[in-house]
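Report on the structure given below.
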Amino acid sequence: MNSANNDIIQSIPFDVDKIRAQFPILNIQVNNKPLVYLDNGASTQKPNSVIETTNFYYSNQYSNIHRGVHKLSQIGTDLYEKTRLNFQHFINATTPSEIIFTKGTTHGINTIAYTYGRKYLQKGDEILISGMEHHSNIVPWQIVCEIYGAILKVVPIEQNGTISLEKFKTLLSPKTKLVAMTYISNSLGTINPIKEIIDLSHQNGSHILVDAAQAIHHLPIDVQELDCDFLVFSGHKMYGPTGTGILYGKEALLDALPPFEGGGDMIKEVRFDKTTFNDLPFKFEAGTPNIAGIIGLNAALDFIKEIGLPQIMAHDKQLLDYCHQQLGEIDGIRFFGTSQEKAGVVSFLINEIHPYDIGVILDNLGIAIRTGHHCTQPVMDFYNIPGTCRASFGIYNTMEEIDVLTNGLKRAVKMLS
Amino acid sequence: MNSANNDIIQSIPFDVDKIRAQFPILNIQVNNKPLVYLDNGASTQKPNSVIETTNFYYSNQYSNIHRGVHKLSQIGTDLYEKTRLNFQHFINATTPSEIIFTKGTTHGINTIAYTYGRKYLQKGDEILISGMEHHSNIVPWQIVCEIYGAILKVVPIEQNGTISLEKFKTLLSPKTKLVAMTYISNSLGTINPIKEIIDLSHQNGSHILVDAAQAIHHLPIDVQELDCDFLVFSGHKMYGPTGTGILYGKEALLDALPPFEGGGDMIKEVRFDKTTFNDLPFKFEAGTPNIAGIIGLNAALDFIKEIGLPQIMAHDKQLLDYCHQQLGEIDGIRFFGTSQEKAGVVSFLINEIHPYDIGVILDNLGIAIRTGHHCTQPVMDFYNIPGTCRASFGIYNTMEEIDVLTNGLKRAVKMLS
Amino acid sequence: MKTIDEIQNEIIGDFEMYSDWADKYEYIIDMGKELKPISGALKIEDNIIKGCQSRVWLIADYENGKLNFQADSDAIITKGLVGMLTKVLSGHSPKEIAESNLFFMEKIGLQEHLSPTRANGLLAMIKQMKTYGLAYMTKEKMI
Amino acid sequence: MKTIDEIQNEIIGDFEMYSDWADKYEYIIDMGKELKPISGALKIEDNIIKGCQSRVWLIADYENGKLNFQADSDAIITKGLVGMLTKVLSGHSPKEIAESNLFFMEKIGLQEHLSPTRANGLLAMIKQMKTYGLAYMTKEKMI
Ligand SMILES: Cc1ncc(COP(=O)(O)O)c(C=O)c1O
Ligand SMILES: Cc1ncc(COP(=O)(O)O)c(C=O)c1O
């Protein structure tokens, strides 16, 4: 059995054991083996602070928020709005009005697709995406393109899983109303040159939405510096509760868009002859929100801030390098996504073995990876494969876990060949 | 101080103390007074089982669901789908495919408004609602009416807060595509004759959506017997987590509708030239759902089932009668919503006192009621009032709490007059 | 004429004798009852500040280098609170008003009424009063 | 010819000697390797059952009152499992197949592969096999 390189372990920029101790699930056994959780691209585990915040809120402070005069409603509203301020500062939005709470990335993208489509899209207009987008950044655009007669254009990916800025430029046209692009690919790990893509889009007079689902907990994001028009991400991938997410939009643009969902809280005055809508951010927050989720999300953000993004990035990089190095020694392995700029996602196949088979064997060893198309079928079609095995890393993963993965894979290959 | 009538207390059909013991928040003090929580129409508190289920799930079983081969993903998927089956049986849907998980009532109504609008609404078509609808059952229809050139018609309410079936009939026209109506009014307590309304709608060839946000935890609902086309409600009002809800729809109708949000899980195959959508219920569940919320919601439903709806209804009725009786003795009180068929919601004003003032004083006494328009501004306009004070009951409320409310109100009146 | 801070300290002094929330609110309610209501003719859309629940009307008059405020509300507690606010800020120069630091609400334990999420329009009213201050400061400079 | 239940019990017997998950899976994988693959020409859209991850092909032949199944999959473990399923159900009458109760998967501790949410298409395949059974039962009655 390979043992992890000690130098690398010692240079991990924080005490992983101390972090692991904050995640109760990391103590469980799966199929009688200690859990090795390497499915963080799909969703991350939750630290005690997140679980307990939600718990405490429900046990001591709960009620519906906004417009309640009573104390509990005030406490809830204050906590809810505190999360908004925390995120405003975290991504450096200009005002809290630019932070809209959503159900998740998918909901955020659909909000923009429907409202942007209604306001701006006309027959023959173009939306430009990339060949590595998650289905959530493809299908909403297909739907609104169909509604408004617009055309979906796609920047193809290269063999190494990147996109070429040259090709991107040639696809920008006077008809390109909006570019929708992921910052980090969830199936390939590619970190796109998002700043260049944003600048090129703006030079072309196009708006741009950035899918930061995989980026928000990996890279420092400053929306004013990036100058993106919209940016979306999910809470559950950044150690926060399910059913939460953020849609950032430039205030002037969000103001210009019509509302998406109608309902409580998003209105100023409702009359049957004329309803007026509320100011931002409430205009886009119809109905009772996921109050407990949003309050728990604040604890997740605090958790990330406490560790620090530079530390998280360094840790991620070390795991990535070590994983590439160790898995690279397996005969017949092929990696998908070999960009220079890459986040902690390793997609691979071994010989002709079906990823499902590998997933099943690893599961029996307590190792959770994801297998399949990872909601990026066009990427699989591009490589002409049924899917990949994907290991993706979180704050709590260790070099030893990568050794466990490597050995597990060797065993799986032996069994399956 | 009035003490609660002992006869009535003893006939409460379950042991309220035992129920109260399951709600940790009922032990807190608000403004140094024991909390008297009478804002259940806005949202209900959560029993231990709900809090702990969520807690346990995050601490021992969490991962993203659907399509994961590994154990945690399987466990999560199974629990998530178990909730679906539980609700299928609870409202007697024909198949689990008819149960769609949403963010809440508002999200459910918007899902139907947008997709029904896209599929069926044309210029001049009519949508019929009532004058007592919650904003969430008004504004989505205003939005899609504007998009498709349809017309929103409204059955006015009567002085006692009911709607007249005669007036309803005269407003049904050959152009009425869909009726959207609340089962129970959140600001007036009125229980509408929903079965008659459904039958009349169908006789007219119209579809009907029932807003059951206030009904699901108060009345037994059998969707096959009711024969409604759509029915929506929220988890957070039925002792469940925030950010959860259910949209029921008849399978054939849901099949006929286009998808709403695009994204992961709602697709069969994604190609840039042609995407095919998943079968029900997944077609309407785009993106990572509120997994922990939905799993917690199952515990809420079990909690309700264990107590039993007939018991809950009887309890609700007793609180309602006692509250009417006690508050009725306050000089200058006016009740809004005096239907014979009424659920545990008491809306009132006292003399010319502004509801906000009463809310503030009661809050200082630890009593949480809601004041304002309760997201039904047209109801307030109808009565030409700025809002009401609203006490609304939950499973855990007691006769003694109504005494506390009554005395609190008397004190408030004294201070404010 | 007392300064803004002196008036605030006076109010804080008044409240020191009240240990009970009820006494405090009775003071505020009395304040609300005493406040001269704005006449119906002036309760126009232009002068309204909408909270979700209670509404506030505010009128500013500039005379001899001083700003005078009149305020009203449909809820008596809100009215009492706006009464205290006009008492503190009225009769001062635009500059003093624009630069004022309103600390008395917190000191008397009523800061919850100034929460940005409170539905009473009070915070919006303070913003509006300071905006008047700023506007007249600019006007004065231009003369 | 053994009955469906006898074959199931045989498989359960085979598995009794395996205490370890790895032995079980090796048995299944061997099963998969031995299973005669369906020829490419027959791997058409009509015969496919799509799971999200692995795909299953299924062909049914009716001869002399018996249904025979051929199955294949692109994943070897799924293939082994479909191999066991065809072994159990093939060669029986439509009625026997339609009315069969498949208990062996649970007994050998592999019921997780039959979870409705498992992405391997296996549950859909069993449904398909039983549907064939039902369809040929009806056909037989009509003759
Ligand atoms: C009758 C009715 N409809 C709709 C809603 C909206 O529900 P939610 O805010 O959970 O989406 C409510 C909640 O206040 C309601 O009472
Ligand atoms: C890049 C990317 N975009 C979008 C999504 C969709 O996020 P959610 O399912 O939380 O809505 C994901 C999650 O898998 C993702 O990785």
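Annotations for the structure displayed:
- Looking across B:Ser187, B:Ser201, one residue alone is assigned to a loop (DSSP other than H, G, I, E, B) and either touching a strand residue (DSSP E or B) at 6+ places or on another chain (Cβ under 9 Å) or assigned by TED's automatic domain parsing to the domain that holds B:Val223 (or both). It is B:Ser187.
- Hits in the stretch A:237-254 (condition: facing chain B (nearest Cβ under 7 Å) and either away from ligand 1 (no atom under 16 Å from the Cβ) or touching a strand residue (DSSP E or B) at 6+ places or on another chain (Cβ under 7 Å) (or both)): A:Pro241, A:Thr242
- Some residue of the stretch A:255-267 being modelled with pLDDT of 95 or more and in contact with a strand residue (DSSP E or B) (Cβ under 6 Å, 6 or more places away or on another chain): yes
- Set B:Ile109, B:Ile100: member being of a type in the set (A, V, I, L, M), away from ligand 1 (no atom under 13 Å from the Cβ) and touching a Leu at 6+ places or on another chain (Cβ under 8 Å): B:Ile100
- Unique residue being away from chain A (no Cβ under 14 Å) and not β-branched (Val, Ile, Thr) when the list is B:Glu98, B:Glu146, B:Glu126: B:Glu98
- Boolean, D:Val82 is in contact with a strand residue (DSSP E or B) (Cβ under 6 Å, 6 or more places away or on another chain) and either of a type in the set (Asp, Glu) or surrounded by 15 or more Cβ atoms within 10 Å (Cβ to Cβ) (or both): yes
- Count - residues of the stretch C:87-132 that are within 14 Å of chain A (Cβ to nearest Cβ) and not in a helix (DSSP H, G or I): 9
- Filtering the stretch A:336-365 to residues that are touching a Leu at 6+ places or on another chain (Cβ under 8 Å) and among the aromatic types (Phe, Trp, Tyr) leaves A:Phe336, A:Phe348.
- Output for the stretch A:212-256, where each listed residue is among the β-branched types (Val, Ile, Thr) and either closer than 19 Å to A:Arg118 by Cα or over 12 Å from the mean Cα position of the chain (by Cα) (or both): A:Ile221, A:Val223, A:Thr242
- Looking only at the stretch B:29-39, and only at residues there that are more than 9 Å from every other protein chain (Cβ to nearest Cβ) and crowded, with 22+ Cβ neighbours inside 10 Å, the one that is farthest from the chain's Cα centre (by Cα): B:Val36
- Among (1) away from ligand 1 (no atom under 16 Å from the Cβ); (2) within 22 Å of A:Trp141 (Cα to Cα); (3) more than 18 Å from the chain's Cα centre (by Cα) - the single one A:Pro259 does not satisfy: (1)
- Complete set of residues in the stretch B:124-156 that are touching a residue at least 12 places away in the same chain (Cβ under 8 Å) and within 14 Å of ligand 1 (Cβ to nearest atom): B:Ile129, B:Ser130, B:Gly131, B:Met132, B:Glu133, B:His134, B:His135, B:Ser136, B:Asn137, B:Ile138, B:Pro140, B:Trp141
- In the stretch A:61-77, the qualifying residues are those that are facing another protein chain (nearest Cβ under 7 Å) and part of a loop (DSSP other than H, G, I, E, B), and the one that is nearest to ligand 1 (Cβ to nearest atom) is A:Asn64.
- The set of residues in the stretch A:25-46 that are in a strand (DSSP E or B) and not basic (Lys, Arg) comprises A:Gln29, A:Val30, A:Pro34, A:Val36, A:Tyr37, A:Asp39.
- Residue pairs meeting the criteria (Cβ under 8 Å; at least 6 apart or on separate chains; first in contact (Cβ under 8 Å) with a residue 24 or more places away in the chain, in the stretch B:40-54; second among the hydrophobic types (A, V, I, L, M, F, W, C) and within 16 Å of ligand 2 (Cβ to nearest atom)): B:Thr54/B:Ala292
- Scanning the stretch B:166-192 for residues that are small (Gly, Ala, Ser) and more than 12 Å from B:His207 (Cα to Cα) yields B:Ser173, B:Ser185, B:Ser187, B:Gly189.
- Counting the residues of the stretch C:2-35 that are among the acidic types (Asp, Glu) and away from every other protein chain (no Cβ under 14 Å) gives 6.
- Residues in the stretch C:94-135 that are among the basic types (Lys, Arg) and either out of contact with any helix residue (DSSP H, G or I) (no Cβ under 6 Å at 6 or more places or on another chain) or on the phi > 0 side of the Ramachandran plot (or both): C:Arg118, C:Lys127.
- Strands (runs of 3 or more DSSP E) within the stretch C:1-76 that include 2 or more residues touching a Ser or Thr at 6+ places or on another chain (Cβ under 7 Å): C:55-63, C:66-73
- Among the conditions (1) at pLDDT 95 or above; (2) within 8 Å of another protein chain (Cβ to nearest Cβ); (3) closer than 30 Å to A:His374 by Cβ, B:Ala42 misses just one, which is (3).
- In this structure, B:Lys169 does not qualify as surrounded by fewer than 21 Cβ atoms within 10 Å (Cβ to Cβ), within 20 Å of the chain's Cα centre (by Cα), of a type outside the set (Gly, Ala, Ser) and outside any loop (DSSP other than H, G, I, E, B).
- Annotation note: Cβ proximity below 9 Å between a residue of the stretch B:245-264 that is outside the structural domain of B:Thr83 (by TED's automatic domain parsing) and a residue that is modelled with pLDDT of 95 or more (sequence gap 6+ or interchain) occurs for no pair.
- Residue satisfying all of: in the stretch B:326-377; within 14 Å of ligand 1 (Cβ to nearest atom) and either out of contact with any strand residue (DSSP E or B) (no Cβ under 9 Å at 6 or more places or on another chain) or at positive phi (or both); farthest from the other protein chains (Cβ to nearest Cβ) among these: B:Gly337
The values are calculated or read from the model by the stated rules, or taken from the named source; none is laboratory data. Please read these numbers as outputs of a predicted model, since none were measured by experiment. Cβ coordinates were reconstructed from backbone atoms using ideal geometry, including for glycine residues, and neighbour counts include every protein chain displayed.
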